[in-house]
Every structure is written in C-alpha cells, then in structure tokens.
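Have a look at the structure below before the remarks.
Bear in mind that the values in this text are calculations on the coordinates, not laboratory data. None of the values given here were measured: they were computed from a predicted structure. Virtual Cβ from ideal backbone geometry, glycine too; neighbours counted across all protein chains shown.
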Amino acid sequence: MNHESALDPVVIMAGLPVKLRSLAKKELFSLPVLGWVMTLTRHIPVDRQNPKRAIDVVNRAAQGIIRRKISIFISPEGTRSKNGELGQFKKGAFRLAERFDLPIIPVTILGAGKCLPTKTLQLRPGVIDLFIDKAIRIQDFAHIDECINYVRQRMLSLKKAYTEKGN
C-alpha cells in the first residue's frame with residue numbers, strides 16, 4: 001500500500017475483509033496504547049537502523065503469520081510520505097513475496113493525507129478511497145524490478161486520476 005497518512009493502517013484494516021498484520025517501525029511499539037496493541041496483535045517491528053537484523057526478524061515473523069493464513073500489509077516506500085507524493089519503492093516487500101511465493105495485492109489509499117495530514121493529529125472531514133487491484137506474482141514478470149515498476153506505475157496512475165478529478 002502507499003503510505004501518506006497515519007490513518008492508512010486503520011483504513012486498510014477496516015477496508016479489507018481478511019486478517020492482517022503490518023510491518024511498522026519499531027519506535028511505534030514503544031508508544032503507550034498503540035504500541036501495546038501492536039505487540040499484542042503481533043504486528044512486526046522493523047528496526048530501520050539495523051537492516052540486516054530487520055530482514056531476519058521480518059522473515060521469521062512472516063513465516064509464522066503466513067502459516068496462520070494471515071496477510072501482511074507493507075508500504076514499499078518504507079515510510080510515510082511527507083508531501084503526499086508516492087516515494088521510491090524499496091525491494092523488501094517484493095523480496096518477501098518472492099521468498100514465500102505469495103501474491104502481491106497492490107492497494108492504493110487516496111484522500112487519507114487530506115483527512116489526517118503529516119505532523120498533525122487534527123482530523124479533517126473528507127472521503128478516503130481504497131483501491132484494491134488484482135493479485136499479481138513476482139513470477140508474472142521477467143525481473144523483480146519490473147514488478148516493482150508495475151505496482152508503482154499503477155499507484156501513480158490512480159493518484160493522478162484522483163487528483164485530476166479535483167480531489
């Protein structure tokens with residue numbers, strides 16, 4: 001999924017009719033209430049300061065989650081957008097899908113950044129649209145980079161159409 005607002009995880013968990021867990025920066029797990037809930041519900045903490053350790057932790061945690069038939073949602077940008085623009089994608093989510101032979105379901109969230117902009121806790125009224133694309137697999141592409149580009153271009157085109165409609 002793209003990631004432009006702190007609302008995004010709530011929107012995706014409410015909008016998708018499946019059990020979900022997320023990858024989230026480890027600092028969120030230290031927050032009162034939110035961190036406790038994330039820990040108790042077994043979301044996956046990612047130490048962005050130690051990428052090698054993060055990969056090991058994610059692979060171990062993902063294996064257990066996948067075994068229980070729970071989906072994992074990941075922002076391939078690796079962080080929330082500061083300006084609403086779609087950032088460059090990292091390969092981690094795609095490598096995870098490749099390693100465990102999982103489908104990738106691109107999800108684009110539009111409007112959340114206007115309802116809860118970065119660096120504020122003030123909710124604003126608005127409409128949030130959730131676009132769920134068809135599943136794809138890394139094997140559908142000649143190379144992992146082609147898959148990454150396909151997903152990113154699809155999200156960019158949805159964001160462009162949304163903006164052109166005056167949203």
Note on the chain, DSSP bridge orientation, antiparallel percent to nearest 5 equals 45
Grab the Cα-Cα distance for ARG42 and VAL127, subtract it from 0.36 nm times how many residues apart they are, and report the gain in nm with one decimal. 27.7 nm
Hull surface divided by four, with the convex hull built on the Cα atoms of the chain: how many nm²? 10.0
Here is the link list: LYS82/LYS134; LYS52/LYS165; LYS90/LYS165. Which ones come out longer than 32 Å on Cα distance? LYS52/LYS165
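Express in nm, to one decimal, how much length is gained between GLU27 and ARG60 on full extension, taking 0.36 nm for each residue of separation and deducting their alpha carbon distance. Let's see the in-between values first.
Values: separation 33, 0.36 × 33 = 11.88 nm, distance 1.94 nm.
That pair, GLU27 and ARG60, stretches by 9.9 nm at full extension.
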In vacuo Debye scattering of the stretch 58-129, one point per C-alpha: log10 I(q)/I(0) at q = 0.11, 0.25 Å⁻¹? -0.38, -1.12
If I model a spin label at LYS160 and ARG99 as a point 7 Å from the Cα along the Cα→Cβ vector, what separation in nanometres do I get? 3.4
